[in-house]
Amino acid sequence: MKYSELTLRYFESAPGAGVLSGADAFRGAAGSRGRGTWVQFDLQVSSGTIQAARFQALGCPHTIAVAAWVVEQAIGRGVRTALPETLEDLSKRFAVPVE
């Protein structure tokens, strides 16, 4: 499969990969490791604003690239803010195939 330049850049560098801990860190996960796609997001929050974000992911390069981009975009946003883009827009941005 040929990946877009953006997908390759975020997949290869995986900025924001890792975990956060502490009283001000919150964790959420989705997917299934057994089914081959899983993502965990850790957020460090202060006064309702995301101060730091990290992710761990198991999946295809698109999954890892999008997760890395999302944590990068999360810094400075309010915790109640929706994703920076719709899922459809993220799919287009990273040229995610339908399957």
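The values are calculated or read from the model by the stated rules, or taken from the named source; none is laboratory data. All values derive from a computational prediction rather than experimental measurement. Virtual Cβ from ideal backbone geometry, glycine too; neighbours counted across all protein chains shown. Accessible surface areas use protein heavy atoms only, side chains included; no ligands, DNA or RNA. Shrake-Rupley method; radii C 1.70, N 1.55, O 1.52, S 1.80 Å.
Using a 1.4 angstrom probe, figure out how much accessible area the chain has per residue, in square angstrom, rounded to the nearest whole.
Values: 6220 Å² over 99 residues.
Result: 63 Å² per residue.
Please list 3J(HN,Hα) in residue order for region 13-27, calculated via the Karplus relation 6.51 cos²θ - 1.76 cosθ + 1.60 where θ = phi - 60°; whole Hz, with x for glycine and proline.
Those phi angles translate into 9, 6, x, x, 5, x, 10, 10, 9, x, 5, 9, 9, 10, 10 Hz.
Run the quick spin-label model on GLU12 and THR81: label points 7 Å from Cα toward the beta carbon, then report their separation in nm to one decimal.
About 2.9 nm separates the two model spin labels.
Using a probe of 1.4 angstrom, how much of the accessible area of region 39-99 is carbon and sulfur, in percent? Present the calculation step by step, with values, prior to reporting the outcome.
On the way: 1740 of 3350 Å².
Of all accessible area on region 39-99, carbon and sulfur atoms account for 52 percent.
Relative to the longest principal axis of the chain, what angle (0 to 90°, nearest 10) does the C-alpha long axis of helix 61-74 take?
For 61-74 against the chain, the angle is about 30 degrees.
Using θ = phi - 60° and the Karplus curve 6.51 cos²θ - 1.76 cosθ + 1.60, what whole-Hz ³J(HN,Hα) does each residue of region 87-99 get, with Gly and Pro shown as x?
4, 4, 5, 4, 4, 5, 4, 9, 6, 6, x, 4, 5
Which one, (i) 0.97; (ii) 1.12; (iii) 1.16, gives Rg/Rh (Cα atoms, Kirkwood Rh) as derived from the coordinates shown?
Entry (i).
Out of residues 5 or more away from ALA52 or on other chains, whose amide H comes under 5 Å of its own, with H placed 1.01 Å from N in the peptide plane?
For ALA52, the qualifying residues are GLN44.
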